[in-house]
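Only one structure is covered here, and it is reproduced in the block below.
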Amino acid sequence: MLNQAQIKRSIKQSLAWVSLGEKVRNRVLLTFDDGPHPEATPAVLRLLKEHNARAIFFVVGARIERAPHLLKMILDEGHALGNHSFAHPNDGQPSLGPYVRDLAKCQEQVEKLTGAKPRFFRPPLGVFSLTSFVAPKLLGLTTVLWSVDAYDWGLKGQAEAREAAERLSEKLSASPRRNDIVLMHDDHPYIETVLGAALPLLAGQGCDLHSALDTIR
């Protein structure tokens, strides 16, 4: 008998959780929410380049103005941009009309600066509802959730950040699929420490950090 959490997870997977496919294993797709950030995002980009890793950056439209030049940099370095809403609403049961307009505003902001609209969407806080399922579909967006949370958002020090990187590496190495989408945040003060420690560990385990972005579906 499935409990409520398992039922909810099954619905997410069947309706909104994209997969990386099954033909090639050991792929890990890194994703970053809540940016861009003028200091943290460039640090993330530098580390990704050093380890030949590619990612999706789910940007918040209202935060783009603090570092608008970073959007084109993200694309130029081979990554993808995703829509994480414009105002980052935290209402668990938002109304459809305002939600669609909010997502459309983020789409327009990104297109204005880069010439291209995002193809991917992630709901703020990962909140899954009928509205957050329907709204992106109306705009032609593919919803991308995650299978592994790095828990970088709750860190309070460098030591905790290094421990989080080790836990992330262990969690991914223990996965029977090794075909995961990782949730991280490029507006957090310790993301550079987490990523700087995690990337060599993941590369050492043979994780493909580059090609997952090409196979997302």
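Values quoted throughout were computed directly from the atomic coordinates according to the rules given, and no laboratory measurement underlies them. The shown structure was predicted, so the numbers you read here are calculated from the model rather than taken from an experiment. When we count neighbours, we look across all protein chains shown, and the Cβ atoms used for this are built from the backbone with ideal geometry, even at glycine.
Some notes on this structure:
- Between Phe133 and Lys112, the FRET efficiency estimated from the beta carbon spacing at R0 = 25 angstrom works out to 0.40.
- Cross-link pairs Lys49/Lys112; Lys137/Lys171; Lys72/Lys105; Lys72/Lys117; Lys49/Lys156 - those with Cα-Cα distance over 20 Å: Lys49/Lys112; Lys137/Lys171; Lys49/Lys156
- Cα-centred dipole magnitude for the chain, charges only on beta-carbon of K, R (+1) and D, E (-1), debye, nearest 20: 720
- Listed peptides 68-74, 80-86, 154-160 by packing density, highest first (mean Cβ within 10 Å): 80-86, 68-74, 154-160
- Placing dummy labels 7 Å off each Cα toward the beta-carbon, the span from Ala174 to Met73 is 3.6 nm.
- Spatial separation of Cα centroids for segment 73-103 and segment 111-168, in angstrom: 9
- Neighbour-count ranking [beta-carbon atoms within 10 angstrom, fewest first] of Arg162, Arg46: Arg46, Arg162
- Over segment 108-175 - Rg/Rh using Cα atoms and the Kirkwood inverse-distance radius: 1.11
- Taking the charge dipole of the chain about its Cα centre, with +1 at Lys and Arg Cβ atoms and -1 at Asp and Glu Cβ atoms, the residue from Ala197, Ala161, Phe86 reaching farthest to the positive side is Phe86.
- The residue list His69, Gly35, Phe57 was ranked by how far each Cα lies along the charge dipole of segment 21-71 toward its positive end, using unit charges on Cβ atoms, and Phe57 comes out on top.
- Helix-only [θ]222 nm of the chain, DSSP H runs n ≥ 4, -39500 (n - 2.57) each, per residue, nearest 500: -13500 deg cm²/dmol
- Counted residue by residue at 0.36 nm each, then reduced by the alpha carbon distance between them, the extension gain from Gln93 to Arg46 reaches 13.2 nm.
- Per residue, the convex hull spanned by the Cα atoms of the chain amounts to 125 cubic angstrom.
- Global form of segment 51-165, assessed from the alpha-carbon gyration tensor, a/c cut-off 1.5: oblate
- Gain on full stretching of the segment that runs from Ala203 to Ala62 - 0.36 nm per residue minus C-alpha separation: 47.3 nm
- Residues considered: Val60, Val44, Val134. Largest GNM mean-square fluctuation over the chain, using C-alpha springs under 10 Å, is found at Val134.
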